[in-house]
Structures are given as C-alpha cells and as structure tokens.
Amino acid sequence: MHVGALERAGVTPAALIDPDPRRSALLGRPWPGVTIAPSPDLVVDDFDAAIVALPDQLHAPVVIELLQAGKDVLVEKPMAGTRAEAAAMVAAAAEAGRLLAVAQVRRHLAVKAWAFALLRSGALGAVLGVDAAQGGRDDWIATGRGYVAQAAGGVIVCSGVHTLDLLTWWFGPLDVVSCRDDARGWQEANATIELLAGAIPIHFELSRNRSRRNTIRVDTERGLLEVALDHYQPRQLLAVPDGVDVEPFVEVVDDLPGQFDRQLRAFTDALDGRWPPSLATGADGVSIARVVEDCLTCRTSDEPWWMASAATPS
Amino acid sequence: MVDGLGGNPLVRPVAVLGATGAVGGRFVEIVAGEGRSPVRVLLHRWWHTARVVRFPVDLRDASAGDADAFAGQLDGCVAAISFVDGADADAALAESLVEGCARAGVDRLVHLGCLGSFGAVTEGRLDEGSDPPRPAGRTAARRWAFEQALLRAGDRAGLPVVVVVAPLVYGPFTEQGAHVPHAEVERGRVAIARGSGPCHLVFVDDAVEAMWAAATAPGHVHGRVLINGPSSITWPAFFGAFESIVGRPGVVVLPDEELAALAQADPAVRAELRWPPPPSTGRRVVGAIARRTVRRGSIPTRRRRLVVPDADELAARAARVEVPLDRAAAVLGWTPSVDFDEGMRRTEAYLRWADPR
C-alpha cells in the first residue's frame, strides 16, 4: 500500500530494502533500475527519510538505527510492542533531531479529520461519553503468519490500535479502567475495554469473529455524533446533531489507497515543517503502547457463552 | 495403542488439520479448552486462526502438503485429526498425509467424512461395511475420492484410518448448518421439494465428540463410522427453524417436478435466484417502515426471491436413507446427545451473538 501511494504520487523511492530481493524486485516494478538492498546500512547515504513497514517486532531496533543515522521515519502501526520500546524510539528521534511519525492510516479517512475539527470547534459542547464497536466475522486482520507469530498479537494489538489511536487523537491520553477478553492462554479474539479520557468514559468492544457496527458514537451535550471506523462502511458520517452550525461533510468514496495517499502527503508535509493534525506522532505511539500494555496486564477472562456446551447465552 | 484411555488426558499431542473451519475450530476449543490433550495445529493457510489461537496451541506450517512436510510436523503426535476439505483435498494429498502419519509414528488418523459420500445410495439403510459407490455431484465425488484414498493409503501403510461420516453439521460457526440457511431464509424463500427425504444432521459438539472418540477408542479401529443426530427431521423443519430466528416465513414447499425444473435451469439464472442481492438503502428504509406498521410475519413472502437448490442438492435432499449408529456406539462408544431443539437453541443464540442486527 505504501509503495502504491509512492507510485501514485509520482515519487521514485531511493531504495527498496528487504532481506528478500525477490520481494523488493516485485515491489520495484514501477521503477525499473531502482536500487534494491537487503539492509539499510548498505544504502544509508542514498536517502533522507524512510517508510518502515516491517513485522512489528522489528520496528524498534530498525527505527532507532535509522533515526540514529539521521533519517526521518514513518513507521507502521503498532509503533512498538512495549511502551519501553516506544519510549526508546521517541528518545532516539529527539536525540537525533529527526521526525518520527506513525502510519495510522485510518486517521486519514476523510470523515475523521472532519469530525476531529468539529469536536475541537466546541460546536457540540462537552463530550459526555463514547461508545466504539469494531469487528467482523472472520476479520481479515485475524489472519496472516506475522500477526499469529506475535506473542500478544490478539485483536487489541492488531486492529484495536486503530481505534485506540483515534480515541487518543480526539480525546487525549487514555487510561484503562478494565479489559475483559476471551484469551485462554494466548491471543484474544474478543475484548471489551473500559477507558477514561480525562473524565470522559469510553466503552470499546472489538472482535475478530463477531459482526460489530464498526462505528464510534460520541454522546455530546448537543446530541449524537456517529462516524464510521473504516472505509468499508457505505456511509462515513452516520449521525450528527441537528442544528449544529458546521460545514457539512460530503460523503465520498474513500478507499484504502486514497487514505494511504493522504497519509503520504501528511508525512511529506511534516518533512516540510507542517505537521498536520491527522499524522500520528511518536508520542501518540507511546501512548497507544501504554494502553495496550495496561490492557494486557489488567485483563480478566470473559469466556464466550458458547464455550460451555450447555451454557445459556446471555 | 492410543494412550490416554479411561478419560485421562493425553500426554502426546493430537495434530489437527483444518482447525480453522467450524468443526475443526470447535474441536480445538473443546480439546485444548478442557485440557484433554496438547494440540498441534497444522496450517495450510494462515487464515481465520482467531478462534484457535485463543489457546496455547502449537502452530505448524503444513502448506507444502507433501509427505516430508507432514512427517516433520506430525512428529510425536498420538493422532492426526483431519477436517480437511476443499479443492486441494485430492488423492495425492490423502496419500501424502497417510504416509506422513506413518513415518511420524502417529497411531491413528481420523478424518471427518461426509454423508454425501454415500450420495449414490438413495434408499435403505447405509452400511459402513460395504464400499459406497461413487456419488453424483462434483463436491460429493471429490470428498468420496479423498476418503477412499485415505482408507486405501492407510491399508497400504498399515496405519489405522477412521473416517467419521457425518451428515450436515449444524451449530455455532458452521456455514451450511447456520450462516447459509439463516441468510437464505432471511433474504429469500427457500424452496423445498414436497417429496424430500429426511434431513439428517448432527450438532457440531456431537461431531467433535465423535472425532475425539475415534481418536481415542481402544483397540484397532479402521474404516468408516457413521454418525447422526438423535433423530432425523424434515428439510422444511430444518429451514423452518431459521424462520423463527428471522421472524418471518422463508420456506416454500413446491411440487417435486416444479422444483426439479427450476434446479435444472441455467446456472446464472439459478445463481440469481439463489443469491438475491441485499435490498438497496431505499428499500431497507421502506422495509423498516413496513415492519413497524405491519404485524411481524405478515409481509407476503412472494415478494422475496426463491432460493433454489442445484440438481445435486436436490438429489441429496430426496434421498431416503437410514443412518445406523450401531458401529459408532459399539466401536467408539459414541452416541449423540444434543437434540434438534437444543441444537437450534444454541445456534440461534450464536447467530444473535455473532451477527446482531
């Protein structure tokens, strides 16, 4: 997706770096003759900024190495597996004086920036509470060896970080009140998380094998704001309080490549000294890593009713 | 001899192939969740693992599908449990799997077979002791060929192979036993032939217990074992159970000749009939208003399209066979425990949980 965004933007990458040259060659088809390298240190003088889309467990060591080499970095989410790793990445960026941004692509759904501006405008009054529900039967994010191989690669880490990031962006740092999930020794497929953003209570349900409405509902003094969490929804804006003086949101087809295009533009804007509000910072990444870690630390078992053969469903 | 007899947990792991499907996933949940045995999951594709990776299972890559790969990944396992299905399940895969089991020292291979393998038998009492004739229909014939290949390869390799022959498996997470009929009744009218035979079906937990029993039964066990639910019902009763979940009529019984003619129709026409598109937003709004103003269930069903089975499904539903459970009871010590009412109660609860509307 990142390579596609580069191609659509007319940007030729300085190098494609992957231990498997066949994979790089495949990705490099749009740019005949593009430099292909098995590791960044072999082409370190050839580029100024890097997009890091490696398996999650490699983010911290590779990003820190790049930052120390004086490169600006856009790293895929989740930024790091632990808050300690995330903090080390932010510290490395500060020490090197380089940019560290996180590729939270769902921030770049057009309605998200519109809703963010609306919430910040104060037109809706105080936020009274938030209810987010995310997931689908056979959620695609449940798949893939990379996700499964992670020690804690359940639904919270894999897809939940999208919404946790959105909540952090819109409402500020989150504190975990409770986390109930159905992991039985490994990775959770379903979780219910209660959070606080300051005084705002947030209820967040997420699932890998259960259809959820995939929206975020914000209960405000002026009424309900409901926004789609991903681009699969037929409409992005589902509810907005009546009588609010706000620039109307125009529904558009907002596919995933379009979001990656906007994300790339946001990163290049940041490189030009204009950091847009839709681009997640390294500090955001630390905040998300802390929330995930707290969820996995305080988790309590919430066994699905159908696990007990004769259970009565609730 | 398989260890762990007498209800004691197995020490050596059982290997599960096809664990990302509905029955295989439930097998892992029950066996790993109850601590009956360590579970090793052999993956062909790394999709849809969310349900099984809740447990500390040992995930192994078996995507190569050859005997060497199977032998390496099955090493140390007491039994291999196969829920393998699909286009890749052919004679070559069967032989590789059996050879891999034999080389790895696996004591027994158990495969979930399909009553459709007896599809060519349309009347009378089925008999595991005789080789079933090749059934009509591409899917049934493919499954039949895979099961035949497993049993013959087992004979050659000296490996006990048990094919647990199940009818329609219904219950939580099943496609043909829950999601598909639910969607069909919800979106259309399911056409059933007036002359349909009995609907044989088994609840998913009962199917899992039969597989476990086949893996752990004492002595030498080899060949086919038929399983079924406590009682057979009719096809209108099966689809009718989804009417009560959906809250409106969704089944229509047609004369045999009329439905047979529809089933023979051009595949594109049948597909159009079978998979009516979801209503547009405008129609959903109108429908929602109508549902508020019209008493539930009174919306004329003729406005929704017919769901027409294809010729093979029609033939399978016309079969009037008896499924004896004598061998399952005698050899495996297995009998079904979940009747249709209880099974559908759990299925309904699952559907409301999985896909709340």
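What to note about this one:
- Selection from region A:200-235 of residues that are open to solvent by less than 10 Å² (accessible area, probe 1.4 Å) and more than 14 Å from every other protein chain (Cβ to nearest Cβ): A:Ile202, A:Phe204, A:Ile216, A:Val218, A:Thr220, A:Leu225, A:Val227, A:Ala228, A:Leu229
- When A:Pro61 is tested against (1) open to solvent by 40 Å² or more (accessible area, probe 1.4 Å); (2) modelled with pLDDT under 90, only condition (2) is not met.
- Within region B:37-81, considering residues that are of a type in the set (A, V, I, L, M) and touching a Lys or Arg at 6+ places or on another chain (Cβ under 6 Å), the one nearest to the other protein chains (Cβ to nearest Cβ): B:Ala50
- Residues located in region A:203-225, provided they are aliphatic (A, V, I, L, M) and within 18 Å of the chain's Cα centre (by Cα): A:Leu206, A:Ile216
- Residue satisfying all of: in region B:314-357; within 14 Å of chain A (Cβ to nearest Cβ) and not in a helix (DSSP H, G or I); nearest to B:Ala193 (Cα to Cα) among these: B:Asp339
- Taken together, the criteria exclude B:Ala157 from residues that are under 28 Å from B:Ala349 (Cα atoms) and among the hydrophobic types (A, V, I, L, M, F, W, C).
- Residue ID - surrounded by the fewest Cβ atoms within 10 Å (Cβ to Cβ), chosen from residues in region A:184-199 that are part of a loop (DSSP other than H, G, I, E, B) and out of contact with any Pro (no Cβ under 9 Å at 6 or more places or on another chain): A:Ala199
- Here B:Phe83, B:Phe70 are screened, and the one residue that is in contact with a strand residue (DSSP E or B) (Cβ under 8 Å, 6 or more places away or on another chain) and without any contact (Cβ under 8 Å) to a residue 40 or more places away in the chain is B:Phe70.
- Residues satisfying the stated conditions in region B:48-74, i.e. at pLDDT below 90 and closer than 15 Å to B:Ala92 by Cα: B:Ala62, B:Ser63, B:Ala64, B:Gly65
- Test result for A:Asp18, modelled with pLDDT of 95 or more and within 24 Å of A:Arg98 (Cβ to Cβ): no
- Within region B:130-142, not a single residue is open to solvent by 10 Å² or more (accessible area, probe 1.4 Å), acidic (Asp, Glu) and in contact (Cβ under 8 Å) with a residue 40 or more places away in the chain.
- Residue among B:Glu34, B:Glu99 that alone is within 14 Å of chain A (Cβ to nearest Cβ), among the charged types (D, E, K, R) and surrounded by fewer than 24 Cβ atoms within 10 Å (Cβ to Cβ): B:Glu34
- A:Gly243 touching a residue at least 24 places away in the same chain (Cβ under 8 Å) and at positive phi: no
- Selection status of A:Asp255, in contact with a His (Cβ under 8 Å, 6 or more places away or on another chain), open to solvent by 20 Å² or more (accessible area, probe 1.4 Å), free of Cβ contacts under 8 Å to residues at least 60 places away in the same chain and farther than 29 Å from A:Gly125 by Cα: yes
- Failed condition for B:Ala69, given (1) buried (at least 19 other Cβ atoms within 10 Å of the Cβ); (2) more than 21 Å from B:Arg142 (Cα to Cα): (1)
- Among (1) at pLDDT 95 or above; (2) open to solvent by 40 Å² or more (accessible area, probe 1.4 Å); (3) not β-branched (Val, Ile, Thr) - the single one A:Leu100 does not satisfy: (2)
The values are calculated or read from the model by the stated rules, or taken from the named source; none is laboratory data. This is a predicted model, so every value here is computed, not measured. Counting neighbours? That spans all protein chains shown, and the Cβs are built from the backbone with ideal geometry, glycine included. With ligands, DNA and RNA removed, areas are computed over all heavy atoms of the protein, side chains included. Shrake-Rupley method; radii C 1.70, N 1.55, O 1.52, S 1.80 Å.
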